[in-house]
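Single-structure report; data block below.
The values are calculated or read from the model by the stated rules, or taken from the named source; none is laboratory data. All values reported here derive from a predicted model rather than from experimental measurement. Here Cβ is always computed from backbone atoms with ideal geometry, including for glycine, and neighbour counts include all displayed protein chains.
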Amino acid sequence: MAQSPVQDTVDKVYVVHADLFRFERFDGKEFQYLSDNVIVKHNKLFLLCDSAVIEGKKVRAIGNVRIVESDSLQIFGDTLDYDGNIQKADFIGNVILKHKEKTLFTNNLNYDLKTRIASYYTSAQLFAQGVNLKSRRGYYFAKQEQAFFKDSVIVLMDRGMTLFADSLVYDAKQERVRFTGPTSIQENDLEIYTEKGYHDVKTENSYFGNYPRYRRGSQMAEAENIYYNSKEGTIGLKTNAWIRDSLKEARGDSIHFNEKTNWVYLYKDAFYKEGDRTLKGDEIKFNRSTQALEVSGRTDVTEGARTITGNQLLYSGDSDQGKAVGNVIVRDSSAGYSIYCDTLFYNKKEQKFQAKGHRPYISTRLDNDTLFLAADSLYSEKIVRLQDTFQVLRAFSTVKIWSNRIQGLCDSLVYHGKDSMFSLMGTPVLWSDTTQFSGDTIDMFLAFKSIRQIQLYDNGFILNQSAKSLENQIKGRNITADFVEKKLNEVLIKGNSESVYFIQDDSKAYIGSNYIQCSSMIMHFDSLEQVNNIDFFTKPEGQMMPISKGKLKILEGYNPRDAERPKTFEEIIE
């Protein structure tokens, strides 16, 4: 066994131990040949190997080479060339660098003891807690405990996530992988592309910046920034975010979704589209599995020709039931009407809805005007009959109708979309200009957004004001009033027909009245909706009377209801 004496000079390479020691001087230089259990020291560095040659501060070590630094950093290799003058060590063959919990494997490694930076250029693999990193080139910074990987980088995570990159940094202290260039992240069917960000190995939180792209199966997403937690399965997309698949599309200032629960949250200027259904609101929450929906803030929901607007929307995909709350408006461009209410309940599949709250009302175009219909509640459903499909609207309790041209009252009402017909029931009454229509039931038919016909069933009665204080009375079991160009044109009275009407001469001056009773009659009106002439059928009986007597002639069922007539739109929704 040979051992060199302890040297006082700190910056010298000296031998701590060797089984065999040989000294040689050649060409003005001194060489030390060491073998078997060699230990050499330079400053704070210890070098161990099978054999070594020392010339000044240079060491060539061969066989089971190992260097050790004071903070437990160790490097192993087959061969080492160490230059103590510049404090650099070059390892060749089966190199292993160990530093605390990290282990790096490569074939060639250069280590600078001054900067404590190790570099390699022939591929390497680093194992650390929960992570396995590979690259063709790279650096390890021992002071900072950071590794910089370059060229064909592959990172394998314990939970199955794999990263492919051109370059990245692994921070061992923070247990974090930082992306410094184009990076592809894969986990099962998940793929994320990014050029900036990090992955926290311990918490499994990831951040992807610079407009990353996300894909899982047919689903794709993009935003300025994406946050992902693989353990919890949560993803956050921030700023100009969107997500779509083959059936659905969502956009918002930010989007958060949970892959385990399938809940998706859209925030600020939120937009969601599925088939013919489109939602817009401040915030949208939906479940990709159950199809449940919740929208907050002023909301627009469009399904085909129908749009629902409200302050909040709730929808259950399991039951196919929805609820809109707060200043709700339903617009149906196909049916040509709008509904206004406090709360709306609807069933998408069956196309049913119920409007409730304080005096919900409906509006529709009529004669270049708008007709409003208000009730305590409104209900609509789709009817399928043989080959026909159409909507039926029902209004319940204190139904009131108002437009500039026509007004009405009844206890309940049904609108049949197939025939464009309103059926008024329960002491119904209609007014059109100077004419009042009443009966046990009233049907009003529309055509091309105009009144085409009004039918009065059982105890039909029409009051028509000819002039101030002069009222024509028309009574019969059933009455049909036809309109032409928005004007009352002809009235057919069937069954127990009676009428009291005032007669005019050619100068349109009133000269008397006429009372007629017969089985049926047809009354013709002029452009001012005044009685022009009458056709009587089946043994008419009547008598001429002066105007004064005609005013006193009252037919059975006479009931002027003008005091009940709505005067304004506001009146029907009070």
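Only one of ILE547, ILE522, ILE511, ILE534 is farther than 25 Å from SER403 by Cβ, at pLDDT 90 or above and among the aliphatic types (A, V, I, L, M). Can you tell me which?
Numbers: ILE547 fails: at pLDDT 90 or above; ILE511 fails: at pLDDT 90 or above; ILE534 fails: at pLDDT 90 or above.
One residue alone meets the criteria, ILE522.
Yes/no per residue for (1) of a type outside the set (Lys, Arg); (2) surrounded by fewer than 17 Cβ atoms within 10 Å (Cβ to Cβ):
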residue	(1), (2)
VAL40	yes, no
LYS57	no, yes
GLN74	yes, yes
ASN94	yes, yes
LYS100	no, yes
PHE105	yes, no
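Restricting to strands (runs of 3 or more DSSP E) lying wholly in segment 361-466: which have 2 or more residues that are touching a Ser or Thr at 6+ places or on another chain (Cβ under 8 Å)? First the steps, then the outcome.
Details: elements: 361-366, 369-374, 377-385, 388-402, 406-416, 421-425, 429-432, 435-438, 441-447.
The qualifying strands (runs of 3 or more DSSP E) are 361-366, 369-374, 377-385, 388-402, 406-416, 421-425, 429-432, 441-447.
Looking at segment 42-124, what strands (runs of 3 or more DSSP E) fall wholly within it and have at least 3 residues that are under 60 Å from the mean Cα position of the chain (by Cα) and without any contact (Cβ under 8 Å) to a residue 40 or more places away in the chain? Write out each step before concluding.
Details: elements: 45-55, 58-68, 74-83, 88-99, 102-112, 117-120.
Correct list: 74-83, 88-99, 102-112, 117-120.
For segment 489-507, check the following and say yes or no: at least one residue is under 30 Å from LYS418 (Cβ atoms) and at pLDDT below 85.
Looking through segment 489-507, none of the residues is under 30 Å from LYS418 (Cβ atoms) and at pLDDT below 85.
Considering only residues that are farther than 18 Å from GLY417 by Cα and surrounded by fewer than 16 Cβ atoms within 10 Å (Cβ to Cβ), look in segment 357-375 and name the one that is modelled with the highest pLDDT.
Within segment 357-375, the match that is modelled with the highest pLDDT is HIS358.
Being out of contact with any strand residue (DSSP E or B) (no Cβ under 7 Å at 6 or more places or on another chain) and closer than 23 Å to HIS256 by Cβ is true for just one of SER218, SER206. Which residue is that? Talk me through it step by step, then tell me what you get.
Details: SER206 fails: out of contact with any strand residue (DSSP E or B) (no Cβ under 7 Å at 6 or more places or on another chain).
Criteria check complete, one pass: SER218.
Conditions (1) surrounded by fewer than 17 Cβ atoms within 10 Å (Cβ to Cβ); (2) on the phi > 0 side of the Ramachandran plot, marked per residue:
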residue: VAL399; (1), (2): no, no
residue: TRP402; (1), (2): no, no
residue: ASP411; (1), (2): yes, no
residue: HIS416; (1), (2): yes, no
residue: SER420; (1), (2): no, yes
residue: LEU424; (1), (2): no, no
residue: LEU430; (1), (2): no, no
residue: THR441; (1), (2): no, no
residue: ASN459; (1), (2): no, yes
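For residues that are among the hydrophobic types (A, V, I, L, M, F, W, C) and under 19 Å from ARG565 (Cα atoms), tally how many sit in segment 383-401. I'd like the intermediate steps shown before the answer.
To start, the set of residues in segment 383-401 that are among the hydrophobic types (A, V, I, L, M, F, W, C) comprises 383-384, 386, 390, 392-393, 395-396, 399, 401.
Still in the list and also under 19 Å from ARG565 (Cα atoms): 395-396, 399, 401.
The qualifying residues number 4.
Give TYR170, TYR207, TYR193 a once-over and let me know the one that is farther than 25 Å from HIS99 by Cβ and surrounded by 19 or more Cβ atoms within 10 Å (Cβ to Cβ). I'd like the intermediate steps shown before the answer.
Details: TYR170 fails: farther than 25 Å from HIS99 by Cβ; TYR193 fails: surrounded by 19 or more Cβ atoms within 10 Å (Cβ to Cβ).
Step by step, each of TYR170, TYR207, TYR193 is checked, and only TYR207 is farther than 25 Å from HIS99 by Cβ and surrounded by 19 or more Cβ atoms within 10 Å (Cβ to Cβ).
Looking only at segment 125-176, count how many residues are more than 14 Å from PHE105 (Cα to Cα) and part of a loop (DSSP other than H, G, I, E, B).
14
Would you pick out the residues in segment 502-516 that are free of Cβ contacts under 8 Å to residues at least 40 places away in the same chain and either under 30 Å from LEU371 (Cβ atoms) or crowded, with 18+ Cβ neighbours inside 10 Å (or both)?
Scanning segment 502-516 gives ASN514, TYR515, ILE516.
Need the failing condition index for THR299 against (1) in contact (Cβ under 8 Å) with a residue 24 or more places away in the chain; (2) of a type outside the set (D, E, K, R); (3) surrounded by fewer than 17 Cβ atoms within 10 Å (Cβ to Cβ); (4) farther than 25 Å from TYR227 by Cβ, just the number.
With respect to (1) in contact (Cβ under 8 Å) with a residue 24 or more places away in the chain; (2) of a type outside the set (D, E, K, R); (3) surrounded by fewer than 17 Cβ atoms within 10 Å (Cβ to Cβ); (4) farther than 25 Å from TYR227 by Cβ, THR299 is out only on (3).
Residues that are at positive phi and over 30 Å from the mean Cα position of the chain (by Cα): does segment 170-180 have at least one?
At the first step, the residues of segment 170-180 found to be at positive phi are 175.
Of the ones still in play, those that are also over 30 Å from the mean Cα position of the chain (by Cα) are 175.
Yes: one or more hits.
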